[in-house]
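Contents: one structure, followed by commentary.
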Amino acid sequence: DTGVSQDPRHKITKRGQNVTFRCDPISEHNRLYWYRQTLGQGPEFLTYFQNEAQLEKSRLLSDRFSAERPKGSFSTLEIQRTEQGDSAMYLCASSLQGDNEQFFGPGTRLTVL
Amino acid sequence: QQPVQSPQAVILREGEDAVINCSSSKALYSVHWYRQKHGEAPVFLMILLKGGEQKGHDKISASFNEKKQQSSLYLTASQLSYSGTYFCGTGNNRKLIWGLGTSLAVNP
């Protein structure tokens with residue numbers, strides 16, 4: 001297994017555009033997490049899935065953010081009508097069910113101009 | 001509720017020891033420790049679970065005080081490779097809430 005992968009690694013977009021990121025977790029992991037991280041901060045929880053079910057979404061997350069994991073494998077995170085404040089590193093992690101080690105992908109760095 | 005980490009930053013000489021603390025205002029179910037180097041993703045170090053179970057690397061040690069709602073990470077005989085930002089995350093068997101991190105620099 002090659003670990004968690006994310007695509008793209010970098011994305012530059014103009015304010016108001018929509019963007020979509022993809023995460024491919026470790027194949028046997030049924031949990032998948034999305035985090036956002038800005039400089040000098042810890043990862044901020046956005047949402048997580050167990051298999052294809054989205055079990056929790058941060059209350060801080062606006063309706064412009066949506067995530068899917070249609071077949072319980074890869075996941076996508078979409079941000080609609082991007083704003084400059086959305087600029088951050090978006091991290092994906094996967095784990096086995098329960099309180100287990102989370103394996104992180106390399107992240108997608110989003111810059112909104 | 002975000003856990004509080006202390007200190008915010010530490011500078012060590014190679015071979016010195018350090019302790020990084022993580023405290024929560026809420027009862028802890030688990031504490032995760034990760035290290036992140038600049039421009040890289042966080043890397044797992046250890047999980048401490050309520051009841052005393054630990055999962056992690058043999059060379060890293062940590063404690064979990066359920067009554068005080070605190071965890072401490074012990075870095076002994078530090079190496080240059082220990083440099084990075086250390087994050088604790090408090091878990092509830094569902095998600096992690098992360099602290100702001102402790103920046104550790106180990107100099108020769």
Kindly provide the set of residues from region B:18-44 that are under 19 Å from B:GLN2 (Cα atoms), in a loop (DSSP other than H, G, I, E, B) and among the basic types (Lys, Arg), ordered by number.
B:LYS26
Among the residues of region B:82-97, how many are within 8 Å of chain A (Cβ to nearest Cβ) and either assigned to a strand (DSSP E or B) or surrounded by 13 or more Cβ atoms within 10 Å (Cβ to Cβ) (or both)?
7
B:LEU100 being touching a residue at least 60 places away in the same chain (Cβ under 8 Å), in contact with a strand residue (DSSP E or B) (Cβ under 7 Å, 6 or more places away or on another chain), in a loop (DSSP other than H, G, I, E, B) and aliphatic (A, V, I, L, M):
yes
Within region A:21-49, how many residues are crowded, with 16+ Cβ neighbours inside 10 Å and part of a strand (DSSP E or B)?
16
Where B:VAL106 falls short, out of the listed (1) within 29 Å of A:THR108 (Cα to Cα); (2) crowded, with 18+ Cβ neighbours inside 10 Å; (3) within 14 Å of another protein chain (Cβ to nearest Cβ)
(3)
Restricted to region A:16-63, and to residues that are over 11 Å from the mean Cα position of the chain (by Cα) and among the hydroxyl-bearing types (Ser, Thr, Tyr), which residue is nearest to the other protein chains (Cβ to nearest Cβ)?
A:SER58
Any chance region A:4-16 includes a residue that's more than 24 Å from A:GLY85 (Cβ to Cβ), exposed (fewer than 13 other Cβ atoms within 10 Å of the Cβ) and of a type in the set (Val, Ile, Thr)?
no
Let me confirm something: among B:GLN8, B:GLN79, which residue is within 28 Å of A:PRO106 (Cα to Cα) and within 14 Å of chain A (Cβ to nearest Cβ)?
B:GLN8
Of the residues that make up region A:77-89, is at least one surrounded by 14 or more Cβ atoms within 10 Å (Cβ to Cβ), free of Cβ contacts under 8 Å to residues at least 24 places away in the same chain, of a type in the set (Asp, Glu) and away from chain B (no Cβ under 14 Å)?
no
Yes/no for B:GLU53 being closer than 30 Å to A:THR47 by Cβ and surrounded by fewer than 16 Cβ atoms within 10 Å (Cβ to Cβ):
yes
Taking region B:50-76, which residues are in a loop (DSSP other than H, G, I, E, B), touching a residue at least 24 places away in the same chain (Cβ under 8 Å) and away from chain A (no Cβ under 14 Å)?
B:GLU66, B:LYS68, B:GLN69, B:THR76
Which is aliphatic (A, V, I, L, M) and either at pLDDT 95 or above or within 13 Å of the chain's Cα centre (by Cα) (or both), of B:ALA18, B:ALA27?
B:ALA18
Just one of A:GLU83, A:GLU78 is over 21 Å from A:ARG9 (Cβ atoms) and in contact with a strand residue (DSSP E or B) (Cβ under 8 Å, 6 or more places away or on another chain); which is it?
A:GLU83
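The values are calculated or read from the model by the stated rules, or taken from the named source; none is laboratory data. Keep in mind that what you see is a predicted model, and the values were worked out from it rather than measured. All Cβ positions, glycine included, derive from the backbone under ideal geometry; neighbour counts span all protein chains shown.
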